Every structure is written in structure tokens, then in C-alpha cells.
Amino acid sequence: MGSATTARAGPPSLGRQRIIADRSLVGAVFCRAYSRRVDEWLADVYADAGGPQRGVSLVAVGGYGRSELSPESDLDLLLLYERGIDVSEMAGRLWYPIWNEGLKLGHAVRTVTETLQLAGDDLDTATALLSARHVAGDRALAERLAISAREQWSRRARKWLARLVDDARWREFEHGAVAFRLQPDLKESTGGVRDVQALRFVALARPEFVDPENSMVRKAYETLLAARVELHRATGNPRNLLTLEVQSDVAAALGHASVEDFMTEVAAAGRTVGWVADEVWIRVENWAAPRGLRRRTAAKTLEEGVLFHEDRNEVRLAPELQLDDDPLRALRVAAAAARRGARIERESLLRLGRDMPPLGDPWPAGARELFVELLACGRHAIPIIEALDQAGGVVKILPEWETCRSRLQRNDYHRFTVDRHLCETAAQAADMLAGGEVDVRRPDLLLVASLLHDIGKGYPGDHTEVGMEIMDAIARRMGFEPDDVATLVRLVELHLLLPDVAIRRDIDELGTVQRVAAQVRTVEMLRLLAALTEADAISTGPSVWTRWKADLVRGLVRRTENHLRGGAPDGRSDGFPTPAVTEAMWAGTELLEVSERQLLVVVPSAPTVLGAVAGAISLNGLNVLSAAVHTVGGMTALSVFVEPPEGVGLDWLPVLDDVGAALAGELVPAERLARWADAAARGGDPRAPEPVTDSYVKFDNEISSVTVIEVAAPDSLGLLYWITEALVGSGLHIEQARVQTLGDHVVDSFYVHDGAGGKITDADRLESIAAAVRRAASIPSPPR
């Protein structure tokens, strides 16, 4: 048996950090430069390891094979050898210098036959070999593998391309889309790097399906690569998640004037790639379907020149159809496709976007009804609206849409860009209407308000105030009657009212109900607002519409409707405490119970109860998502919903031990919390660049028989504990509390009195309390 030649002494140094530090190298230019340097270095390492020039070859595969190495990319290598050559000792000498450089290495040692056999059964191996490239050693051996791998890929294309599409669909479900996620995964999200690579794999087998090197895709890919390179530089790790806290650094490194401009460019790139990929996946699915499932049916004529192909589930325009003579045709086609859950064929869609005339001002007769019909299609309307938007058609219907297109909401309270959130909200409202969950006389008003309730977020100024002006203009342009225009504007004005009041105030207080009733004025407005509130919350993020919040809002709506109809309070309580907890409180029964993520405490009343429980929870590293406190009959009840840090399980036993110790006075959280908070501050605890709310301390002496203090502040370790300590230290008794987490901010409301049940009305004392709370919550003093 032959063996590899004897090694020379001393492997060279890669000098990787010099390349990473060279800021003139950006995006694909960096990737190629870094890959070339790794090529040169590995050729030297191969020689030092005693690598021969015949019968053995070092081959780059995967991203390295494509010369697309980012700063923290894995190095995927294959040591290829002819049978009869022993490369075991040489392989060790080859791999160790790579590990010593701190590189993450993916490596294998195989013959050509073994490699092709594995590629016949494993998709990852098959695709990695499509970029196989010689680095050192026997070039002919490496080229034989590359040619054979591509031929094998083409022969088995029907199997592998179908698997590629399945993988793309799974990634969309798992990682969302680059275009609409506030924190996209640049590699795995739909429209990301992985999709471009998949398009290249498709083109190698079926070049007629896609040209992945066309200028549109190439430009988008360069944007994604540039962002990925700077992300790796900024974080020093291989993760591809473009999180809120690092977006500013990446934007600055790429020379963008603002992070909003940068993220809009990333979103646009993701939309372009996702747009091209979606069409290709459909072509692949139609081509790869088993022959028995590839049925061909005659096209159904929907109207002259508009055809529905059921076998492809697509609406297609006849080539001879003129589009510039009928301003309603685009809406009719869009609604027809959405009703069927179909797509609009790509060329037809591009023609619609290019040739459809703007609707104008006012809209022509019938346009509003078609627009509402499209929105009423619910989930099926979203891909149609987004596809029409990509083709340039939506701005011809709603010019104001351009400003919110791909616009970020840079906080972790929202999961979507503004435009996608609006589409999701309208779809949710439509689904609620279709399911009979909503009882309103004018579903058209609900659907239009759902789509446009946040339209002001694309403009300077307060988004609600700006949105009211924009809604007024759009509603008039659509042809709504003046009363309907006023209703739509009012829905935009009040779209945050119900959740804010329900969560921050006691819904059993008559003053709370009266305040809401005075603003909504009618039962119909209340019902429209309630439906909009639920659709908006569900579409915002998974933590926004919890069962607790839903019960509070629905309870507030029921009480307000009863009040508007002139009924007496019904005595039912949807909030906290529940009837069972109330019974325990009046009976003087102490409780300390947990269920899933909820902690329930009932103990004898004391000013320090809330602070003790909050401090114990914080000491266990848990985040307080929401909390309610109520005092009656000498007993205090607390209901706290918590969340452990990401990737950490919830173990209640130590939490219960600490809560019990804190309530008994055996554990004082202050010292440890202060020490941990100081360490967190030194570590640069990241904050979302655009908080959901401003920071403030407000007093309300009108809504209740006691004083309500509302505090909005950045969330931090032990914040609820420190605020509670400040209130107790100011001589206040906390009767009730409502705690709400909004992304990385909190809005807490405390019902307090002076110990004798009286309100706090003295101006100097109110300012003293406010100052204490601001110090506790690290809120700057307001300008004088």
C-alpha cells in the first residue's frame, strides 16, 4: 500500500484577523478575498502535511467551494484519495493547523466512489458537492468528482429538487421571511442566502426554471452577503440572526445614513429573492409531481382575457388583453385569485403592475367593493397583496402604502414590518368575521380600518395623529359617506384604547367604564374597536394577546356595552382576583401556588408584599410578563405571569423557596439585585432602538377612589421591586397593581393611598413621589 510523502516542518499562519480588520473589503469582495487567502494558506498546509500531487486532493465544498466565506463561516473540506493510498497520518497533520487557527472545520476523508454514494442518499452532501473546487493536490481527481457530482445531481433532479422545495417551505415556517421579520435570519429565512443557493442548485439541473445570476437576484444577494459579513465582524460568532441590538453597528459599517435605510434595503433584497424563489418552487412542484398527479384541465374563463388554470392553481391573463383601459381589472383579478386561494401567474402579475392605471381620486365606482372583497379573503389575500406590491401595483391603488413598505418597527414587541403587520391584521379580522367571532353591522369598515390602522407609522410625527389624517384622505378617496369616514378616522384614533385601559386600570371600577364609554360613544363603535383590537394584538406578536389580556379586554368591552345600553353593573368579574381567590381572601386563607407560568400568592396584607415577591422572582432570573395585585379584607393577592430566559427551563421549587423567605423577612433582595444590576449595566445590556413607549411617571386622581400612578420605563433586573420599594418608602399603601411588559419596556399601574384610604393630592408630595419613582426606574427628570 502506498502512502503520502513526508511532511515539511512548521505550518504557516493564516493571518485571518488582518483580512477581517480590512474594512475596505465588503460583501462578496471580502468573501472572495478571504477565500483566496484560505486557498493559499491551505495549499501551504497541505504541502507541510506531506500532501502528494497525484492520487490525493484537498477539495473545498459548500460555501467555501463557492468562495463565499464570511468571517465566521465553517471551513468545509474533503480530502479525496485514490484507493490504495494511505492518507490517515497526513490527514491528522492537515486538520490540526486548521483547528489551531480557531476555525470550525467540517471535514471528511473519502474516495470519489464513496463520496458519490453518500451524495446519492444525502441532500446536504449532494448540494455541497455542486460547488466542489480544487484547493491542493491532484487537480484532475478533484475535477472528476465535481463533474460526476453535477451529472449525478442532474440525473436525480426530480427527487432532489422536490426535496429542496420541501426544505424551503419548512424554513419559511421555521424562520419567517427576511422581508417581514424585524430580526431576520440572513441565511435561513425565506429570501435569504440559503434561497439563492437553492436557486443555483435548481439551475444546475433545470436551467430553464431560473437564472440565479440575473442582475436583480445578484444585486439582492450582494446586499445579503454584505450584511452577513458585517454581522459576523460585529459579533465575532457564526450566527446569522440580525438582531435589533446589532443592526445599528452593521448599518454603520456599510455606510448607511440610518439603520432604517439599511434594514429597508435588506428587506427589499429579501423580497426580491423570495419573489423569484416562490415562482421557481412552484415550477419545480409542477414538474416534479408524480405523473398520476400531474393532471391537465381546460382553463376556466373568469372574464374576457382572464383565465383560471385549476391544474396549476393560478390566474393568468391572455397575452392580447389590454390592461390600461380598465382601472378595476387588477382588483378583479386579485380578488378572483384570493377567493380561490390561487396565485397570479408571474408574467401576468408583472403586466398588471406595469400597465394597470392608477385608481385616481376619487376611486371609480365599484373599486371600494372589490377592494373590500379582496380583504375579506383573509389569509389568501396576503400573498396576493404582497405579490401585487412587488410588481408595483399596490401603490397605484394606495399611494400612501409606499412609505410603510418594508418599514421596520425596531423593538421586540412587534414581529413584522409595518406593511406585513397591516396585512396580517386585516387577514385576522377577516378570519374572525368568517368564523362568526365578530358581530358588527359594517364589516367593510372593520376590514379597511384593520388594513390602515397603523398607516401613519411610515410618516414623521405621532403615528396615530398622522394616521387619522391619512385615513381621512383615503376614506374620502374610496367614496365612503361622511359618517363612515368619521368612523374610520375614529377607529384609528382609538385603536390602542381598549388594551391600554384594560391592562392598566381596574375594569371593575365604574370610572374606568365611564371613561371608555365617553370615548367610543356607541355600541357599534365599541364592537368595531373591540374586533380591531383583537386582530391587531394577535397580529403583533405571540406575547401580546394572552388569555389574561383577552379576558381583561373582553370584560371591559362587556361592561362598557352594558353601560352604553343603560344597564346596571352586573357584578361579574373577568379580571383578578377570581371568585375563588376572593373567597380565599375573605376567609383569610393563605395560598402559594403555581401552574405552568403563573404564580398565585395570597397572604396577610403588608406594604412590602408586592416588593418581596417581585424581588424573589427577579433573583431567580425570571421576567415578569404581567402581574395583578389586589387587597381586601386584610389580605393581599398577587397573580404573576413569568417567563424564564431563552433556552432555560422553569423550575418553580427554588422560586417558591425564595418567595416564602422574602415574605417571611428572611430574604432581602435589595443587595443582590443591586449588585447584579450593576454588572448588567457594565455589560452593556442592549435596548431596542425604538422603544414601544416613552418613559414617564403619571398620576390619575379622577378614575378611582384612590390615586393611580402609571409608570413606563425600560425593563431591567428587579425593576418592579425597585418601584415598589420607592412607593412604600414614600409612605404609600399599594391596593392594586397592574404590570404589563411591552417588548423591553414595561407600563405598570399602581392604585395607592396614604394609609387611611385617601388620595394623594398635594402637588409637592406628588412631585416627591414621582422623583423617587424616576430614580428607582432610571427615568430622566422631565425638562423644566
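Quick one: L491 ticks every box in (1) over 24 Å from the mean Cα position of the chain (by Cα); (2) surrounded by fewer than 19 Cβ atoms within 10 Å (Cβ to Cβ); (3) under 20 Å from W545 (Cβ atoms) except a single one, so which number is it?
Of everything listed in (1) over 24 Å from the mean Cα position of the chain (by Cα); (2) surrounded by fewer than 19 Cβ atoms within 10 Å (Cβ to Cβ); (3) under 20 Å from W545 (Cβ atoms), L491 misses just condition (2).
Just one of the numbered conditions (1) assigned to a strand (DSSP E or B); (2) more than 31 Å from the chain's Cα centre (by Cα) is not true of A713; which one?
Every listed condition holds for A713 apart from (2).
For the stretch 58-109, give me each residue that is touching a His at 6+ places or on another chain (Cβ under 7 Å) and open to solvent by 10 Å² or more (accessible area, probe 1.4 Å).
Listed by number, the residues that qualify are E72, W95.
Would you tally the residues in the stretch 635-666 being assigned to a loop (DSSP other than H, G, I, E, B), modelled with pLDDT under 85 and either closer than 14 Å to L600 by Cα or open to solvent by 30 Å² or more (accessible area, probe 1.4 Å) (or both)?
Restricting attention to the stretch 635-666, the residues satisfying the condition of being assigned to a loop (DSSP other than H, G, I, E, B) are 644-651, 664-666.
Now restrict to residues that are modelled with pLDDT under 85: 644-650.
Okay, now just the ones that are also either closer than 14 Å to L600 by Cα or open to solvent by 30 Å² or more (accessible area, probe 1.4 Å) (or both), so 645-650.
The qualifying residues number 6.
With the condition being closer than 20 Å to S67 by Cβ and of a type in the set (V, I, T), I'd like the helices (runs of 4 or more DSSP H) fully within the stretch 190-287 carrying at least 1 qualifying residues.
On the way: elements: 193-205, 215-235, 244-253.
Filter on the stretch 190-287 gives 193-205, 215-235.
Within the stretch 766-782, take every residue that is of a type outside the set (A, V, I, L, M) and over 24 Å from A670 (Cβ atoms) and give me the one that is surrounded by the fewest Cβ atoms within 10 Å (Cβ to Cβ). Talk me through it step by step, then tell me what you get.
First, pick out the residues of the stretch 766-782 that are of a type outside the set (A, V, I, L, M): 767-768, 774-775, 778, 780-782.
When the remaining residues are screened for being over 24 Å from A670 (Cβ atoms), the result is 767, 782.
Values: E767: 12, P782: 10.
Looking at residues that are of a type outside the set (A, V, I, L, M) and over 24 Å from A670 (Cβ atoms), I get P782.
Just give me the residues in the stretch 195-219 being open to solvent by 50 Å² or more (accessible area, probe 1.4 Å) and closer than 20 Å to T264 by Cα, in sequence order.
Hits for the stretch 195-219 are S215, M216, R218, K219.
Buried (at least 18 other Cβ atoms within 10 Å of the Cβ) and in a loop (DSSP other than H, G, I, E, B), is that true of L727?
no
Identify, from the list A108, A126, the residue that is within 26 Å of A43 (Cα to Cα) and either in contact (Cβ under 8 Å) with a residue 60 or more places away in the chain or part of a helix (DSSP H, G or I) (or both).
Exactly one of A108, A126 is within 26 Å of A43 (Cα to Cα) and either in contact (Cβ under 8 Å) with a residue 60 or more places away in the chain or part of a helix (DSSP H, G or I) (or both), namely A126.
Taking E304, is it loosely packed, with under 14 Cβ neighbours inside 10 Å, more than 30 Å from M432 (Cα to Cα) and under 34 Å from the mean Cα position of the chain (by Cα)? Full working, then the answer.
Details: loosely packed, with under 14 Cβ neighbours inside 10 Å: yes; more than 30 Å from M432 (Cα to Cα): yes; under 34 Å from the mean Cα position of the chain (by Cα): no.
Considered against the rule, which asks whether it is loosely packed, with under 14 Cβ neighbours inside 10 Å, more than 30 Å from M432 (Cα to Cα) and under 34 Å from the mean Cα position of the chain (by Cα), E304 comes out as no.
Out of (1) open to solvent by less than 50 Å² (accessible area, probe 1.4 Å); (2) out of contact with any His (no Cβ under 6 Å at 6 or more places or on another chain); (3) within 30 Å of M263 (Cβ to Cβ); (4) of a type outside the set (K, R), what's the single condition that is false for A149?
A149 satisfies all of (1) open to solvent by less than 50 Å² (accessible area, probe 1.4 Å); (2) out of contact with any His (no Cβ under 6 Å at 6 or more places or on another chain); (3) within 30 Å of M263 (Cβ to Cβ); (4) of a type outside the set (K, R) except (3).
Go through the stretch 593-628 and give me each residue that's among the hydrophobic types (A, V, I, L, M, F, W, C), more than 36 Å from the chain's Cα centre (by Cα) and outside any loop (DSSP other than H, G, I, E, B).
Initial filter on the stretch 593-628 (among the hydrophobic types (A, V, I, L, M, F, W, C)): 594, 599-603, 606, 609-610, 612-614, 616-617, 619, 622, 624-625, 627-628.
Next cut, more than 36 Å from the chain's Cα centre (by Cα) only: 602-603, 606, 609.
Within the stretch 593-628, V602, V603, V609 qualify.
Across the stretch 398-420, which residue is nearest to L451 (Cα to Cα) among those that are in contact with a helix residue (DSSP H, G or I) (Cβ under 7 Å, 6 or more places away or on another chain) and part of a helix (DSSP H, G or I)?
It comes out as D419.
Condition (residue is outside any helix (DSSP H, G or I), at pLDDT 90 or above and either over 30 Å from L242 (Cα atoms) or hydrophobic (A, V, I, L, M, F, W, C) (or both)) applied to the stretch 463-480: is it met by at least one residue?
Here is the first cut: in the stretch 463-480, the ones outside any helix (DSSP H, G or I) are 479-480.
Within this subset, residues satisfying the condition of being at pLDDT 90 or above are 479-480.
Retained after the next criterion (residues that are either over 30 Å from L242 (Cα atoms) or hydrophobic (A, V, I, L, M, F, W, C) (or both)): 479-480.
Yes - at least one qualifying residue is present in the stretch 463-480.
Checking E437 against (1) closer than 30 Å to V640 by Cβ; (2) open to solvent by 30 Å² or more (accessible area, probe 1.4 Å); (3) not in a loop (DSSP other than H, G, I, E, B), which single condition isn't satisfied?
Here E437 meets the rest and fails (3).
I need the full set of residues from the stretch 373-391 which are open to solvent by 50 Å² or more (accessible area, probe 1.4 Å) and either in a loop (DSSP other than H, G, I, E, B) or basic (K, R) (or both), in order please.
Pass one, the stretch 373-391, residues open to solvent by 50 Å² or more (accessible area, probe 1.4 Å): 373, 376, 379-380, 383.
The answer is A376, R379.
Would it be correct to say that A140 is over 24 Å from S13 (Cβ atoms) and not in a helix (DSSP H, G or I)? It would help to see each step written out before you state the result.
On the way: over 24 Å from S13 (Cβ atoms): yes; not in a helix (DSSP H, G or I): no.
The answer is no for A140.
Out of the stretch 732-784, which residues are charged (D, E, K, R), closer than 14 Å to T631 by Cβ and in contact with a helix residue (DSSP H, G or I) (Cβ under 7 Å, 6 or more places away or on another chain)? Don't jump to the end; show me each part of the working.
Within the stretch 732-784, the subset charged (D, E, K, R) is 735, 738, 744, 748, 754, 759, 762, 764-765, 767, 774-775, 784.
Those left that are additionally closer than 14 Å to T631 by Cβ: 735, 738.
Selection gives R738 alone.
Quick one: would you say A49 is touching a Lys or Arg at 6+ places or on another chain (Cβ under 6 Å), within 30 Å of A234 (Cβ to Cβ) and open to solvent by less than 10 Å² (accessible area, probe 1.4 Å)?
On the way: touching a Lys or Arg at 6+ places or on another chain (Cβ under 6 Å): yes; within 30 Å of A234 (Cβ to Cβ): no; open to solvent by less than 10 Å² (accessible area, probe 1.4 Å): yes.
Against the criterion (touching a Lys or Arg at 6+ places or on another chain (Cβ under 6 Å), within 30 Å of A234 (Cβ to Cβ) and open to solvent by less than 10 Å² (accessible area, probe 1.4 Å)), A49 does not qualify.
Is there any pair with a first residue in the stretch 459-474 that is over 14 Å from P399 (Cα atoms) and a second that is part of a loop (DSSP other than H, G, I, E, B) and open to solvent by 50 Å² or more (accessible area, probe 1.4 Å) whose Cβ atoms are under 7 Å apart and which are 6 or more apart or on different chains, and what are they?
Partner pairs satisfying both residue conditions: V466/Y459.
As an exercise: evaluate V632 against (1) buried (at least 20 other Cβ atoms within 10 Å of the Cβ); (2) touching a Phe, Trp or Tyr at 6+ places or on another chain (Cβ under 8 Å); (3) modelled with pLDDT of 85 or more and give the number of the one condition it does not meet.
Result: V632 passes all but (1).
What pairs can you find where one residue is in the stretch 656-672 and on the phi < 0 side of the Ramachandran plot and in contact (Cβ under 8 Å) with a residue 60 or more places away in the chain, the other is in a helix (DSSP H, G or I) and of a type in the set (G, A, S), and their Cβ atoms are less than 6 Å apart, with a gap of 6+ or different chains?
These pairs meet every condition: V659/A616; L663/A612.
Among what's in the stretch 76-93 and is of a type in the set (G, A, S) and in a helix (DSSP H, G or I), pick the residue that is farthest from V56 (Cα to Cα).
First, the residues of the stretch 76-93 that are of a type in the set (G, A, S): 84, 88, 91-92.
Restricting the remaining residues to those that are in a helix (DSSP H, G or I) gives 88, 91-92.
Values: S88: 12, A91: 11, G92: 14 Å.
My answer is G92.
Of a type outside the set (S, T, N, Q) and at pLDDT 90 or above: is that true of V516 in this structure?
Numbers: of a type outside the set (S, T, N, Q): yes; at pLDDT 90 or above: yes.
Spelling it out, V516 is indeed of a type outside the set (S, T, N, Q) and at pLDDT 90 or above.
Which of (1) modelled with pLDDT of 90 or more; (2) of a type in the set (G, A, S); (3) open to solvent by less than 50 Å² (accessible area, probe 1.4 Å) does A257 not meet, given it meets every other one?
So the condition that A257 fails would be (3).
Do you know which residues across the stretch 13-42 are closer than 18 Å to A146 by Cβ and more than 37 Å from the chain's Cα centre (by Cα)?
First, the residues of the stretch 13-42 that are closer than 18 Å to A146 by Cβ: 35, 39, 42.
Listed by number, the residues that qualify are D39, L42.
Take D462 and tell me if it is surrounded by fewer than 17 Cβ atoms within 10 Å (Cβ to Cβ), of a type outside the set (A, V, I, L, M) and under 24 Å from the mean Cα position of the chain (by Cα). Lay out the reasoning, then the answer.
Numbers: surrounded by fewer than 17 Cβ atoms within 10 Å (Cβ to Cβ): yes; of a type outside the set (A, V, I, L, M): yes; under 24 Å from the mean Cα position of the chain (by Cα): yes.
Yes.
Suppose we filter L105, L94, L75 for residues that are of a type outside the set (D, E) and over 36 Å from the mean Cα position of the chain (by Cα); which single one remains?
Details: L105 fails: over 36 Å from the mean Cα position of the chain (by Cα); L75 fails: over 36 Å from the mean Cα position of the chain (by Cα).
Exactly one of L105, L94, L75 is of a type outside the set (D, E) and over 36 Å from the mean Cα position of the chain (by Cα), namely L94.
The values are calculated or read from the model by the stated rules, or taken from the named source; none is laboratory data. Every value quoted in this text rests on a predicted model; they were computed, and no experiment measured them. Counting neighbours? That spans all protein chains shown, and the Cβs are built from the backbone with ideal geometry, glycine included. Ligands, DNA and RNA are excluded from the accessible area calculation, which covers all protein heavy atoms including side chains. Shrake-Rupley method; radii C 1.70, N 1.55, O 1.52, S 1.80 Å.
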